Every structure is written in structure tokens, then in C-alpha cells.
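Please treat every number below as a calculation from the coordinates, not as lab data. Here the structure is a predicted model, which means the values were calculated and not measured. Backbone-built Cβ (ideal geometry, glycine too); neighbour counts: all protein chains shown.
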Amino acid sequence: MSLQFKKLIVAVFALAFLAAVITVGFIEKSRYKPANAGYAYADETTRKCIDCHDEKHIAVVWNRQWENSRHAQKGIGCQACHEAKEGDPDLWEHEGFNVTHVPSPLDCKQCHDKEVEQFTNSHHAQATRFIGSMDNLLGGIVEGTPAANLGCRQCHGSIVQLDDKARPIAGTWPNTGIGRINPDGSHGTCTACHLRHNFALEQVRDPATCGRCHMGPDHLQIEIYTESKHGINFASHRDEMNLANPEWVVCVDYIAAPTCATCHVSATPTMAVTHDIGARISRTNRPPVSKDLENSEERRGLMKKVCTECHGVTWVENFYVMYDTAVDHYNRKFGIPAMAEMTPAVPSYRINSNPSAPASRRRSPAPTPSDWPSTARRATGTSRESLTSSAVTMTSPTKVPTGSRS
Ligand code: HEC
Ligand code: HEC
Ligand code: HEC
Ligand code: HEC
Ligand code: HEC
Ligand code: HEC
Ligand code: HEC
Ligand code: HEC
């Protein structure tokens with residue numbers, strides 16, 4: 001073997017070794033660097049947000065999620081949602097940009113007008129009305145404000161307050177309660193259901209999205225669903241549910257099971273998606289005695305259209321008869337008699353009914369069901385003032401009026 005040839009072999013091995021080192025180094029490096037192919041979609045401003053946040057390691061997860069989102073593909077950059085205009089109460093001067101911490105439905109409205117309108121007119125956007133209710137007063141006194149901030153308000157919503165630099169104040173934010181009152185005055189938050197920054201349809205159609213709030217003894221919809229045949233089928237056939245499909249029409253794009261969204265939000269072959277979650281329910285079972293909603297037959301018709309995509313008419317009609325009879329039975333056996341018993345304890349119903357009895361002993365007649373709509377548990381006013389003053393009452397329980405209990 002000539003010296004020349006030996007040199008060649010050594011050189012080849014050296015090069016191969018070098019190549020191996022470079023390859024391994026590259027692989028190791030990319031393991032620590034998250035993939036960000038979606039960066040290509042970013043406009044100039046968005047690149048500045050992403051670059052600096054990546055470099056300083058600020059909330060980098062939002063960068064990666066945004067890059068993988070439909071919004072990125074469509075060129076909807078950070079400032080489409082985060083920009084605050086001159087004069088906006090939530091304008092935070094941030095690294096040369098006017099940014100808001102709290103994108104609200106008004107920020108989505110420029111592009112998703114229909115969804116914002118339907119949502120804003122639904123009970124969901126009004127869920128902070130509970131702040132003036134008796135239950136809330138009890139929650140505030142018995143549990144205390146720190147608990148209410150991490151309890152009631154995480155589902156119902158807080159009133160987001162800002163400091164003098166337009167940064168949200170602790171206690172009021174982070175909060176994505178469904179009826180949150182935003183610094184720009186709008187009600188509700190889309191990110192209660194749509195987790196940012198993927199805003200993925202697959203996630204929002206998942207029953208867990210609703211179960212975050214619709215759970216526990218007062219409103220156990222997720223428990224009922226999970227243990228029902230609908231929930232069982234969803235769990236066993238999740239991979240057939242086509243959850244990520246852009247279109248999601250029941251019995252066209254999937255048939256295995258309905259989710260909460262199927263019945264209350266999503267499309268059928270004859271109905272469009274609605275962001276008014278009350279549109280298809282005909283009554284509310286929330287008050288002690290259930291109550292039919294306005295246009296209840298029409299609303300019920302919409303829900304039946306969902307059922308009959310999968311079930312036969314007799315099945316559905318019989319189910320509703322059984323449901324109505326059960327509710328009626330409950331009302332007669334428990335709701336109405338319990339109201340008659342409990343009513344004298346409720347101050348607003350203590351009206352003199354028996355003029356011959358001594359004033360301290362007079363009891364009021366039982367209210368009829370219509371005297372007790374669910375609004376009796378709710379605050380009467382929905383103005384910002386009434387909500388704010390209730391919130392203040394809640395933070396200082398000593399200010400609660402001490403009505404006589406005799
Ligand atoms: C030059 C660097 C830089 C640029 C450019 C930048 N940011 Fe930031 N950003 C930061 C730093 C540092 C923080 C954390 C410190 C703070 O909150 O002030 C931050 C925090 C934030 C927060 C608050 C997060 C929290 O929970 O407190 C938001 C919202 C935000 N940035 C949005 C944006 C948006 C949107 C853009 C682009 C329009 C942007 N930033 C551009 C550096 C930057
Ligand atoms: C489609 C609308 C939308 C877009 C686009 C968007 N965001 Fe957000 N962002 C939101 C919403 C909604 C929130 C939640 C705020 C809340 O309701 O409390 C949020 C919150 C944030 C927060 C604060 C939350 C935290 O955990 O600290 C940061 C930081 C942030 N976004 C950065 C970005 C950056 C950077 C981009 C661009 C790469 C971006 N966002 C693009 C809607 C958007
Ligand atoms: C500047 C316009 C713009 C703004 C602002 C905006 N979006 Fe979008 N959004 C779009 C476009 C465009 C699409 C893609 C529609 C399509 O697929 O054809 C989209 C898609 C979506 C989708 C479906 C995602 C998917 O995977 O198909 C959701 C959910 C969504 N947006 C929610 C929001 C929410 C919530 C906000 C406010 C926090 C918001 N958007 C703000 C333009 C916008
Ligand atoms: C896990 C989420 C969650 C928490 C925590 C929570 N709620 Fe609720 N609350 C709901 C949901 C969901 C409803 C709607 C129930 C239904 O339709 O069956 C509701 C309904 C109500 C209602 C009835 C509203 C009406 O229109 O009749 C009142 C009042 C209320 N909640 C007060 C409170 C108070 C006070 C607290 C804290 C002590 C609290 N909630 C904590 C989710 C929650
Ligand atoms: C109660 C939960 C919930 C809230 C709150 C909510 N959405 Fe949705 N949203 C959904 C569901 C579920 C879907 C999926 C519908 C389907 O199956 O296509 C959806 C779909 C969408 C889509 C995709 C287009 C479509 O019609 O399928 C957009 C855009 C959207 N939402 C915007 C918003 C905006 C803007 C807000 C705030 C005003 C908002 N959403 C609040 C549950 C919600
Ligand atoms: C962040 C908490 C939260 C999430 C998430 C949520 N809800 Fe609600 N929902 C509430 C509260 C609170 C109420 C009671 C609002 C009120 O005061 O009337 C409510 C009320 C309702 C009602 C009664 C509507 C009416 O008109 O009386 C329906 C139906 C409903 N939700 C369905 C859903 C579905 C379906 C989802 C998921 C796609 C969902 N919710 C997600 C908190 C939530
Ligand atoms: C198979 C269809 C279907 C599914 C799946 C479904 N619901 Fe319902 N939901 C209904 C019907 C039907 C009613 C009663 C309507 C009526 O009284 O007219 C109802 C009523 C409600 C109410 C009203 C309570 C009240 O009395 O005010 C809430 C809240 C609710 N559903 C939430 C959910 C949540 C959350 C899920 C998922 C965990 C879910 N639903 C899954 C069909 C469905
Ligand atoms: C996406 C299709 C789909 C939709 C929409 C749907 N269901 Fe179902 N439902 C099913 C399947 C699948 C089963 C399980 C049947 C079985 O194997 O026993 C089921 C079971 C049931 C059961 C259980 C009966 C038993 O044997 O325990 C009832 C009751 C029911 N559905 C009523 C309804 C009502 C009422 C609606 C509308 C509010 C509805 N369903 C909407 C698919 C659907």
C-alpha cells in the first residue's frame with residue numbers, strides 16, 4: 001500500500017467522522033429548537049413580535065401555536081387581534097407597538113361578525129349577571145373574594161381592570177370566564193372555548209371544552225354526557241369523528257356520536273353553525289321550577305332536527321314526551337311544594353298575607369312558578385355600574401346589608 005493511498009484512507013475517515021459529528025450536532029441542536037415552518041407566513045410586524053419573544057423566551061408557546069394555526073396560513077398576524085388603537089382604554093405601549101393584553105370579541109368582530117353577534121346576544125355573554133345574585137353574595141361572604149376569583153369568576157367571568165399603564169390587575173386577570181367584562185366594555189370572551197393560539201376546530205368541538213364549566217353538582221352536563229351512550233360512543237370512536245375537518249356537518253362528515261357542539265352549536269345538513277347556545281333549547285331547568293323559553297316550540301324544533309339526523313321520529317318524539325313528563329313530575333312533586341316551604345325565608349317575598357296575624361308572624365303566600373323565573377336568582381341590572389358596585393360589595397362583605405331574619 002503506497003503512502004499516498006494510506007493518506008487517502010485517513011482523509012476519507014477524517015471526513016466521514018467530521019460529517020458524522022456535524023450531523024449529530026445538527027440533530028441535537030434541532031431537538032432544542034422547536035419547528036417553526038409557519039414563520040414563513042408572518043408579516044414584518046409579526047416577525048418582530050416572534051423574534052424578540054423567542055430571543056427573550058417570552059411566551060414562546062404562542063409563537064409556535066400561531067405558526068401552526070389557520071390564522072397564520074391566512075396571514076392574520078399578531079396585531080390583527082392584539083392591536084389597540086389610540087384612545088382605547090386597554091392601549092399598552094410595548095416596544096414601539098400599541099398592544100392589548102386582552103383581545104376581546106370586538107377584536108375578532110372585524111373578521112367574524114356573525115359569530116360575535118350571535119355570541120354577544122346569547123346567555124353566555126351575560127354570565128357575569130350572576131355577580132348581583134344572592135348566590136354570589138353567599139359565595140363572596142362564605143368563600144371570600146380570593147376563592148371567588150379562582151372559583152365562580154373563572155367560569156362566569158371577572159370585570160377585567162387595568163392599572164395606570166394598562167396592565168391587567170391581579171385578581172381580575174388572567175380570567176377567561178364566559179361572560180367576562182373587558183376593558184373595552186364588551187361582554188364575554190371567545191377564548192373561553194377557543195384555546196389560543198391554535199384556535200383549532202378539533203379542540204373546540206371536543207366535549208371537554210364545555211365540560212371545563214359545565215361540570216360538578218350544580219350543572220353536571222359533562223358527567224351526564226360522558227356516562228351516556230352518546231359519550232360512550234364518542235370515547236370509543238373518537239378517531240372516526242373527523243374533528244379537525246373544516247366542515248363538520250352531522251351525518252355527512254361524522255356519524256359515530258354527537259358531542260355537546262353537535263347538538264348546541266354545529267351544523268346539520270339543514271342548519272348552520274350557531275354561536276347562540278340557547279337557540280336550540282326550549283326551556284330552562286335552572287330555576288327551582290322549570291320555565292319555558294320564548295318561542296319554545298320553534299327552538300325545540302331546531303333541536304329535534306339534530307336528533308332526527310341520526311334517530312327515527314318515533315324515538316325522538318317519545319324521548320321528548322318522557323323528558324317533559326319527568327320535568328313536570330319533578331316540578332309537581334318537589335319544585336312547587338319546596339318553593340311554598342322556602343318562600344317565607346326569602347325576604348323579597350315577605351309580604352303581609354294574613355292581616356289578622358301579628359306583624360312579626362305574617363307569612364306570604366307561596367309564589368306561583370311564574371313569580372320565580374331564573375331571573376330571580378340573577379342580578380336585575382346589567383349595567384357596568386351595577387356590576388362594579390356588586391363586585392365592590394363582594395370584596396368587602398361588611399358592607400352587605402344585614403336584613404332582619406326574625
Ligand atoms: C424587542 C422585544 C419585543 C418585541 C418587538 C415585542 N415584545 Fe412583547 N414582550 C417582550 C417582553 C420582554 C415581554 C415581557 C415583559 C413585559 O411584560 O413587559 C413582553 C410581553 C408581552 C405581552 C404580555 C404578556 C404577559 O402576560 O405579561 C404581550 C401581550 C406581548 N408582549 C405582545 C407582543 C406583540 C403582539 C408584539 C408585536 C406587535 C410584541 N409583543 C413585540 C418583548 C417584546
Ligand atoms: C386570532 C387572534 C389572535 C392572534 C392572531 C394572536 N393572539 Fe395573542 N391572544 C389572543 C387572545 C384571545 C388572548 C387571550 C387574552 C385573554 O383573553 O385573556 C391572547 C393572549 C396573548 C398573550 C398573553 C397570554 C400569556 O399567556 O401571557 C401573549 C403574550 C400573546 N397573546 C402573544 C401573541 C403573539 C406573539 C402573537 C403573534 C405571533 C399573537 N398573540 C397572535 C388572540 C390572538
Ligand atoms: C383580520 C381578520 C381576523 C381576525 C381579527 C380574527 N380572525 Fe379568525 N379567522 C380569520 C380567517 C381569514 C380565518 C380562516 C377562514 C377559512 O378557513 O377560510 C379564520 C379562522 C378562524 C377559526 C377557524 C380555525 C380553523 O382551524 O379553521 C376560528 C375558530 C377563529 N378564526 C377564531 C377567531 C377568534 C376567536 C378571533 C378573535 C380573538 C379571531 N378569529 C380573529 C380571520 C380573522
Ligand atoms: C365550574 C364552573 C362554574 C363555577 C366554578 C361556578 N359556576 Fe355558576 N354556573 C356555571 C354554569 C355552567 C351555569 C349554568 C348552569 C346550567 O345551565 O345548567 C351556572 C349557573 C349559575 C347561576 C344561575 C344563573 C341563572 O341564570 O339561573 C348562578 C346564580 C351561579 N351560577 C352562581 C355561581 C356562584 C355564586 C359561584 C361561586 C360560588 C359559581 N356560580 C361558580 C358554572 C360555574
Ligand atoms: C361556547 C363555546 C364557544 C364560544 C364561547 C365561541 N365559540 Fe366559536 N365555535 C365553537 C364551536 C363548537 C365551533 C365549531 C363549529 C363547527 O362544528 O364547525 C366554533 C367555530 C367557530 C369558527 C369557525 C367557523 C364555523 O362557523 O365553524 C369561528 C370563526 C368562530 N367559532 C369564532 C368565534 C368567535 C369570534 C367567538 C367570540 C365572539 C367564538 N367563536 C366564541 C364554540 C364557541
Ligand atoms: C367558561 C365557562 C363555560 C364554557 C367553556 C361553556 N359554558 Fe355554557 N354556560 C356557562 C355559564 C356560566 C352559563 C350560564 C349563563 C347565564 O348566566 O345565563 C352557561 C349556559 C349555557 C347554556 C344555556 C343557554 C341558555 O340560553 O340558557 C347552554 C345550552 C350552554 N351553556 C352550552 C354550552 C356548550 C355546548 C359549551 C361548549 C361548546 C359551553 N356551554 C361552554 C359557562 C360556560
Ligand atoms: C344529543 C344532543 C345533546 C348533547 C350531546 C348535549 N346536549 Fe345539552 N341539551 C340537549 C337537550 C335536548 C336539552 C334540553 C332542551 C330543552 O329543554 O328544550 C339540553 C339542555 C342543555 C342545557 C340547558 C340547561 C338549562 O336548563 O338551562 C345545557 C347547559 C346543556 N344542555 C349543556 C350541554 C353540554 C355542556 C353538553 C356536553 C357535555 C351537552 N349539553 C350535550 C341536547 C344535547
Ligand atoms: C350523531 C348521531 C346522533 C345524534 C345527532 C343523536 N344521537 Fe342519540 N344516539 C346515537 C347513538 C349512536 C346512540 C347509541 C345507540 C345504541 O347503540 O344503543 C344513541 C343513543 C341515544 C339514546 C339512548 C337510548 C338507550 O338505549 O339508552 C337516547 C335516549 C338518544 N340517543 C336520544 C337522542 C336525542 C333526544 C337526540 C337529539 C337531542 C339525539 N339522541 C341525537 C346517535 C345520535
Nitroxide proxy distance, nm - points 7 Å out along Cα→Cβ at N121 and D253: 2.4 nm
message: Out of the chymotrypsin sites (Phe, Trp or Tyr not before Pro) in region 57-154, which ones are loop residues according to DSSP with at most 14 other C-beta atoms within 10 Å?
response: none
Length added when fully stretched, S236-R196, from 0.36 nm per residue minus Cα-Cα: 11.7 nm
- request: Kindly provide the Kirkwood hydrodynamic radius of region 221-353 in Å, to one decimal, from all pairs of distinct alpha carbon atoms.
  value: 17.1 Å
query: Taking the alpha-carbon centroid of each part, what is the distance from region 133-177 to region 254-300 in angstrom?
result: 29 Å
query: If each of V61 and V313 carries a label point 7 Å out from its Cα toward its Cβ, how far apart are those two points in nm?
result: 5.1 nm
- request: List S158, S122 from most exposed to least, where exposure is judged by having the fewest other Cβ atoms within 10 Å.
  value: S122, S158
- line: Expected unfolding gain across V327-A272 under the 0.36 nm per residue rule, minus the alpha-carbon gap, is 16.9 nm
task: For K333, go through the lysines and keep the ones whose alpha-carbon is under 19 Å away, minus same-chain ones fewer than eight residues off.
output: K291
- line: The whole-number value in µm²/s of the Stokes-Einstein translational diffusion coefficient for region 73-117, with Rh from the Kirkwood sum over alpha carbon pairs at 20 °C and 1.002 mPa s, is 191 µm²/s
task: Rank by packing, highest mean first: peptides 109-115, 284-290, 146-152, with packing defined as the count of other Cβ atoms within 10 Å averaged across residues.
output: 284-290, 146-152, 109-115
field: lysines whose Cα lies under 29 Å from that of K74, excluding same-chain neighbours fewer than 8 positions away
entry: K33, K48, K56, K85, K109, K114
